[in-house]
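Reading through the structure tokens given below for one structure.
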Amino acid sequence: MTEPGADFKPVTDLVAGLLAGVEDAQLAAPTPCEEYRVGHLVDHFLGLTLAFTAAARGERGPYNDTPPAAPSAEPPADWRPLLAERLQTLADAWAEPSAWDGDATAGGVTFPAAIMGLVGLNEVAVHGWDLAKATGQPYDLDPAAITTLTAFVAQDADDQEARNGIYAPPVQPAPDATPQDRFIALTGRNPGWTP
């Protein structure tokens, strides 16, 4: 059994802290993830938390054996407490050392669990940034998460073919960009994005 990989909790707690600040009227607002409105993003979060929790537990089933369905623009009415609970469960699942052993499946794709954990953490961190930007809320990722995820995303920064369907080409950050902005730019997002 390996030592646990990256700590999800600072990131999941940060995202959970955004939920009360999302107004119902903002569910139709645009996000930095061009194909998603805020409602789509929330629904995507509801699904990805289930998929990556199942991946951490080594489970196979409807949450992770097939590619995710297109998210709905209208998440369920109780999405705030539901997503907060799922984010906590996700962090708890990846806190188990065994989650990082062997292989793990999410979205119909199987990777070594040590890689899948980073894919899941990256999903939460980047889409959390999307949600914060779209709803005008502050968002400051944990420095350890920024370091880990920057190294993870940078692996394919020069191989757009490998990034297709995942990221747009990296954006050139400003010379004085923060580490978080540099990370976000690597994902093909404009750190200065505004609605």
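Read-outs: derived from the displayed coordinates by stated rules, not from any lab. What you see is a predicted model; the values in this text were computed from it and never measured. Heads up, the Cβs are rebuilt from the backbone with ideal geometry, glycines too, and the neighbour counts pull from every protein chain shown.
Separation of the stretch 36-96 and the stretch 176-194 by C-alpha centroid, Å? Here the answer is 25 Å between Cα centres. Less than 5 angstrom separates the built amide H of ALA106 from those of PHE111, all sequence-distant by 5 or more or on a different chain. Rounded to the nearest whole Hz, the Karplus-based 3J(HN,Hα) values (6.51 cos²θ - 1.76 cosθ + 1.60, θ = phi - 60°) of the stretch 11-27 follow the sequence 7, 5, 5, 4, 5, 4, x, 7, 4, 5, x, 9, 7, 4, 5, 7, 4, with x at glycine and proline.
At R0 = 30 Å, how high is the FRET efficiency between VAL109 and ALA28 if r is their beta carbon distance? Nearest 0.05 is fine. Given R0 = 30 Å and the Cβ-Cβ separation, E is 0.45. Taking Cβ atoms as reference points and 12 Å as the exclusive limit, the residues near GLN88 contribute a net charge of -1, counting Lys and Arg as +1 and Asp and Glu as -1.
Would you mind working out the magnitude of the charge dipole of the chain relative to its Cα centre, with +1 at each Lys and Arg C-beta and -1 at each Asp and Glu C-beta, to the nearest 20 Debye? Walk me through the intermediate numbers first.
Working: 10 positive and 27 negative charges, 36 e Å.
Result for the chain is approximately 180 debye, rounded to the nearest 20.
GNM on the chain, alpha-carbon springs under 10 angstrom: the most fluctuating residue among ILE146, ILE184, ILE115 is ILE115.
In order along the stretch 133-147, the phi-based Karplus estimate (6.51 cos²θ - 1.76 cosθ + 1.60, θ = phi - 60°) of 3J(HN,Hα) comes to 4, 5, 10, x, 10, x, 8, 10, 5, 4, x, 5, 5, 4, 4 Hz; Gly and Pro are listed as x.
Here the Karplus curve 6.51 cos²θ - 1.76 cosθ + 1.60, taken at θ = phi - 60°, turns the phi angles of the stretch 35-47 into couplings of 7, 10, 8, 4, x, 4, 4, 4, 5, 4, 4, 4, x Hz, with x standing for Gly and Pro.
Normalised by residue count, the stretch 9-186 yields a Cα convex hull volume of 113 Å³ per residue. Per-residue ellipticity at 222 nm computed for the chain from its helices equals -14500 deg cm²/dmol, with DSSP H segments shorter than 4 residues left out and the rest contributing -39,500 (n - 2.57). Of TRP193, TRP100, TRP129, the sequence from fewest to most neighbouring Cβ atoms within 10 angstrom is TRP193, TRP100, TRP129.
On a per residue basis, the convex hull of the C-alpha atoms belonging to the stretch 18-71 measures out at 91 Å³. Just checking the listed ones, TYR167, TYR63, TYR139: in the Gaussian network model of the chain with Cα springs under 10 Å, the one fluctuating most is TYR167.
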